[in-house]
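Remarks on the structure that follows.
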Amino acid sequence: MKYLALIYAAPGEGPDFGDDDFGPYMAGYEKATQTYKDDGVFLGGEALQPVETATSVRIRNGETTLTDGPFAETKEQLGGFYLFDCDNLDDAIKYAKMIPSAEHGTVEVRPIMEFD
């Protein structure tokens, strides 16, 4: 079954690019990604540009509205994702716990709806 691990963190909660801790932090992501690949569960994953670059699209009564920024104001913001192919939720959670941002943010694990 496919699971999406959505990675959320509040700005400033983790190391920023250029900080002394940033290299080891990213090494944690590289290690996790390699584990996923070695274990055959990695289907994809990407970091996202900052939330300020987002555009929200809404269509109401046939009229399209574009808004800069995310859909909702929240402390934690979506920063990236992994897509896993795991046997069960417990396995997906095991892999999600390897994501470095789980130590200061939130990793939401959701099964992918499959339409046959």
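The values are calculated or read from the model by the stated rules, or taken from the named source; none is laboratory data. Only a predicted model underlies this, so the values are computations on that prediction, with no experimental measurement involved. We place every Cβ from the backbone using ideal geometry, glycine too, and count neighbours over all the protein chains shown. The area values use the complete protein model at the heavy-atom level, side chains included, leaving out ligands, DNA and RNA. Shrake-Rupley method; radii C 1.70, N 1.55, O 1.52, S 1.80 Å.
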Here the residues within the range 6-37 that are at pLDDT below 90, buried (at least 16 other Cβ atoms within 10 Å of the Cβ) and under 16 Å from L48 (Cβ atoms) are G14
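Among the listed residues M98, M113, identify the single one that is crowded, with 16+ Cβ neighbours inside 10 Å and part of a loop (DSSP other than H, G, I, E, B).
Just one listed residue meets the conditions, M98.
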Given (1) within 27 Å of Y3 (Cβ to Cβ); (2) modelled with pLDDT under 90; (3) not in a loop (DSSP other than H, G, I, E, B), L83 misses just (2)
Scanning the range 49-63 residue by residue, those closer than 29 Å to P11 by Cβ and part of a strand (DSSP E or B) turn out to be T55, S56, V57, R58
If we keep only residues of the range 1-24 that are touching a strand residue (DSSP E or B) at 6+ places or on another chain (Cβ under 6 Å) and among the aromatic types (F, W, Y), then the residue farthest from E114 (Cα to Cα) is Y8
- Message: Here is a check on your reading of the model: is L66 in a strand (DSSP E or B), more than 25 Å from G23 (Cα to Cα) and open to solvent by 80 Å² or more (accessible area, probe 1.4 Å)?
- Response: yes
Of A92, A47, the only residue that is among the small types (G, A, S), surrounded by 14 or more Cβ atoms within 10 Å (Cβ to Cβ) and in contact (Cβ under 8 Å) with a residue 12 or more places away in the chain is A92
